[in-house]
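What follows is a short report on a single structure.
The values are calculated or read from the model by the stated rules, or taken from the named source; none is laboratory data. It should be emphasised that the depicted structure is a prediction, and the values quoted were computed from it without experimental measurement. Here the Cβ positions follow ideal geometry from the backbone for every residue, glycine too, while neighbour counts run over all protein chains shown. To get the accessible areas, we keep the full protein, side chains included, count just its heavy atoms, and leave off ligands, DNA and RNA. Shrake-Rupley method; radii C 1.70, N 1.55, O 1.52, S 1.80 Å.
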Amino acid sequence: MARSSASVAYRRDIDGLRALAVLPVLFFHLDLRPFAGGFVGVDIFFVISGYLIASIIARELGEGRFSLTAFYARRIRRIFPALFATIAVTILIGSQILLPLDYRALGMSAVATVLFSSNLYFARHSGYFGSAAEEAPLLHGWSLAVEEQFYIFFPLLMIGACIAGGRYRLLLGTVALLSFGTALLLVEQAPVKAFYLPFPRAWEFLGGALLATGRVPPLRNRIAAQLCALAGIGLIGWAVLCFSGATLFPGANALFPVLGAMLILHAGQAGSLVSRMLGSAVPVAIGRISYSLYLWHWPIIVFWSYRTDGDWRLREQLLILLLSLFIAWASWRFIEEPFRASRRFTTVRAFAFAGAMVAAGCGAGALLYFSGGLPSRVAPSVVALDAASRSMAYLPARCSGMAPVRRRALCPVGARNGTAPSFLLWGDSHAQAMKPAFDRAGEALGMSGRIASYPACPALLGLDRLDQPPSHDCSAFNAQVLAALRQSPSIHRVFLVSRWGLCANGKRPEGGTPCYLGRDGDDDRSLSRDALLFRAGLDETVRTLTAMGKQVILVAPIPEFRRNVPETLARAELYSEPAQLALARADSLRRQSCAFSAFDQMRRRFAVGIIYPHRLLCRTGHCAMTAHGVPLYSDDDHLSRQGSLLLSGMVYDAMRPVRTVAGKKDGAKS
């Protein structure tokens with residue numbers, strides 16, 4: 001993201017291209033709808049960095065004056081001052097705004113950021129149950145980490161190519177192809193790794209490097225340059241305006257911004273109208289502050305959203321935009337430029353400064369992490385509510401997902417008395433959240449069972465979640481569960497628990513990526529099909545289990561809130577404000593009406609049992625968030641341990657040998 005400084009001739013259009021990279025990122029983070037693909041601005045930065053760094057190194061190698069220490073000292077001058085100022089201010093402001101566990105997470109991400117490994121940190125902590133990405137103030141440091149990792153290894157690659165007789169094209173091209181192939185493979189099977197890890201991103205830098213080392217034939221005339229530049233603008237514009245969070249990225253789709261940036265850079269060498277426009281005053285001014293703008297805008301957005309309800313209004317978006325631009329200018333004027341231009345900031349002092357900043361950053365981050373986010377900053381009641389947001393009964397890795405069901409080694413639930421399992425708890429993460437209720441009921445009745453749970457995989461035979469990566473194979477998981485049931489004659493009762501409302505509606509009450517159901521490799525992502533596929537999948541599941549002689553008991557949907565319940569309550573108490581989180585019983589029933597209708601049909605056709613949690617959770621006109629001051633939810637839709645145990649009586653009645661299912665016949669309407 002930072003501008004390179006060395007003996008490469010300055011090009012104003014490159015600063016303008018930086019503006020074309022940073023502004024879509026800013027607009028995307030501000031949730032300005034036309035810029036749903038603005039995240040590709042990071043890929044444009046990668047191409048620019050590869051182009052400039054390769055230009056510098058190739059020239060200095062050719063002149064016989066390249067020095068690794070001087071190269072890294074320049075990187076320190078350009079990157080470290082503004083970055084560490086951002087981290088310090090973020091930690092300071094976070095102490096006044098963040099809840100303890102979020103402040104603790106900030107400490108760990110700060111350590112990862114100063115060590116330029118935050119891409120590895122977020123690759124590990126951005127899974128299904130990870131902290132919300134939009135609430136990580138240093139999340140954007142992942143791209144700086146990828147860039148720094150490139151700076152570490154790329155000079156060595158260039159030196160190797162120089163020793164091999166200057167075969168830059170062969171070596172850089174080979175590594176770029178391997179990197180691109182890795183990206184294509186990972187984006188299908190492990191998209192989080194494809195996004196964050198350095199090697200699947202290396203080809204983007206190397207595309208710029210191949211341009212810089214003269215391995216792409218120059219443009220012969222201005223007409224070719226004009227067409228080349230216009231094509232580049234078109235590719236970038238298509239990606240920015242047509243991509244979205246649902247786009248499979250990076251991989252092949254990253255070719256649009258990468259090739260677009262390469263075409264603009266290449267055309268700029270011959271001169272083009274696009275290059276002249278990018279070289280005009282406003283784009284150049286924004287480009288010069290683009291590094292600071294990238295650094296500061298994201299913590300501002302995160303803290304603003306964290307402190308408010310997170311619903312953007314145009315005036316708020318404009319205010320944040322102006323504030324980000326002003327702080328970025330101040331950072332460039334008073335931090336970036338003085339350090340870059342200072343002659344007293346010698347190579348030795350640069351490395352000493354870097355060491356001191358890394359030590360300070362690691363020390364501050366470790367303090368936040370090991371203290372639990374300095375909980376003494378807030379009232380004990382806030383600490384308790386914050387802790388409740390992590391109180392879901394998570395299963396250990398050996399008990400969740402595909403592995404245990406493949407090994408026919410499903411983990412126990414209920415009584416641990418050595419008897420053969422008599423029931424199965426089957427579903428997605430909601431089945432995990434309900435496990436405490438089944439443990440208590442099973443222990444009271446002396447009945448043992450097994451649990452088969454795979455997050456984001458509802459118990460619907462033959463259906464997949466198209467919003468999940470292909471490796472998250474729900475249909476295969478459910479088929480394996482069914483095969484395990486066929487080999488378990490002692491299991492005669494099956495409880496199906498899933499986030500049924502999301503399956504039937506597709507849209508989440510809290511917003512975010514919709515749920516798309518599909519069958520047999522179908523990639524038709526249409527919310528209008530979800531209700532039909534949900535009914536078909538539920539019918540197939542219940543019919544198959546009934547034909548096997550299993551008694552089926554459906555656990556009806558848990559009421560879903562718009563935001564994380566314990567976090568919202570904790571923030572309201574921290575800021576001495578009322579919690580705006582009421583959920584009317586009628587609104588909850590309206591959202592779940594499709595699921596309730598399907599359940600009633602299953603009861604009439606197959607005589608299934610049904611447990612209706614809403615009858616206990618929404619006994620009054622509104623759905624309860626707490627009981628005796630303890631949150632009943634661990635987020636917006638998963639029950640906490642306390643919430644699950646509250647339903648153990650219903651589970652007990654449904655589990656008794658004499659079949660008594662909680663609820664009246666007209667459960668959906670009651």
task = Note down the magnitude of the dipole of region 72-179 about its Cα centre, charges +1 on Lys and Arg C-beta and -1 on Asp and Glu C-beta and zero elsewhere, to the nearest 20 debye.
result = 540
inquiry  = Per-residue counts of other Cβ atoms within 10 Å, averaged by peptide: what ranking do you get for 287-299, 138-150, highest first?
reply    = 287-299, 138-150
key: Most positive-pole-ward Cα, A531, P578, M548, against dipole of the chain from beta carbon charges   = M548
request  = Please name whichever of W238, F150, G401 sits farthest to the positive end of the charge dipole of the chain, dipole taken about the Cα centre and charges placed at Cβ: Lys and Arg +1, Asp and Glu -1.
outcome  = G401
inquiry  = Amide H of C411 versus every other amide H placed in the peptide plane: which residues, excluding those fewer than 5 positions away on the same chain, fall under 5 Å?
reply    = I451
request  = In nm, give the distance between the simple-model label positions of M277 and L322, each being 7 Å from the Cα along the Cα-to-Cβ direction.
outcome  = 2.7
Estimated dipole of the chain in Debye, rounded to 20 [Cβ of Lys and Arg +1, of Asp and Glu -1, Cα centre] = 500
query = Taking K and R as +1 and D and E as -1, what net charge do the other residues with C-beta under 12 Å from the C-beta of T544 add up to?
reply = +1
task = Name the long-range amide H neighbours of Q551: under 5 Å, sequence gap of 5 or more, or other chain; modelled H, no Pro or chain starts.
result = R493, V494
ask   = HN-Hα J couplings of region 489-496 from phi, Karplus 6.51/-1.76/1.60, θ = phi - 60°, integer Hz, Gly and Pro as x?
value = x, 6, 7, 10, 10, 10, 9, 9
inquiry  = Could you give each residue of region 441-456 its phi-based ³J(HN,Hα) in whole Hz, using Karplus coefficients 6.51, -1.76, 1.60 with θ = phi - 60°, and x for Gly or Pro?
reply    = 5, x, 5, 5, 9, x, 10, 9, x, 9, 10, 10, 9, 9, x, 6
key: Portion, in percent, of the accessible area of region 517-645 that falls on carbon or sulfur, probe 1.4 Å   = 50
ask   = Between G373 and residues 5 or more places away or on another chain, which pairs have amide H atoms under 5 Å apart, with H built 1.01 Å from N, and which residues are they?
value = R104
task = Find the cysteines in the chain that fail to meet the 4.7 Å Cβ criterion with every other cysteine, and list them.
result = C162, C228, C242, C362, C503, C515, C594
Percent carbon-and-sulfur accessible area, region 176-329, ignoring ligands, DNA and RNA, probe 1.4 Å = 72
request  = Quick one: net charge around A229, please, counting Lys, Arg +1 and Asp, Glu -1 for every other residue with C-beta under 14 Å from its C-beta.
outcome  = +2
query = For region 403-418, in order, what is each residue's ³J(HN,Hα) by Karplus, 6.51 cos²θ - 1.76 cosθ + 1.60 with θ = phi - 60°, in whole Hz (x at glycine and Pro)?
reply = 4, x, 6, 5, 7, 6, 10, 5, 7, x, 8, x, 5, 9, 10, x
note = Contact order relative to length for the chain, counting C-alpha pairs under 8 Å separated by 6 or more residues, stands in percent at 15
Three-way shape call for region 364-478 based on the alpha-carbon gyration tensor, with the a/c threshold at 1.5 = oblate
query = So what's the angle, to the nearest 10 degrees on a 0 to 90 scale, between helix 255-270 and the longest Cα principal axis of the chain?
reply = 10
message = Could you sort the peptides 424-437, 471-484 by per-residue average Cβ neighbour count (10 Å cutoff), highest mean leading?
response = 424-437, 471-484
inquiry  = Give me the dipole magnitude in Debye, nearest 20, for region 567-665 about the Cα centre, with unit charges on the beta carbon: positive for Lys and Arg, negative for Asp and Glu.
reply    = 840
key: Length-normalised contact order of region 189-286 in % [C-alpha pairs under 8 Å, at least 6 apart]   = 36
ask   = Got a sec? Charge dipole of the chain, +1 on Cβ for Lys and Arg, -1 for Asp and Glu; which of C162, L569, L425 is way out at the positive end?
value = C162
inquiry  = What number comes out for accessible area per residue over the chain if the probe is 1.4 Å? Units Å², please.
reply    = 41
ask   = What ranking do 256-264, 607-615, 643-651 get when scored by the average of other Cβ atoms within 10 Å per residue, highest first?
value = 256-264, 643-651, 607-615
ask   = What angle do you read, to the nearest 10 degrees and between 0 and 90, between the alpha-carbon axis of helix 565-574 and the longest principal axis of the chain?
value = 60
query = Nearest 10 degrees, 0 to 90: what angle lies between the long axis of helix 222-242 and the longest principal axis of the chain (Cα atoms)?
reply = 20
task = For region 349-483, with all protein chains present and a 1.4 Å probe, just round the carbon and sulfur fraction of the accessible area to a whole percent.
result = 62
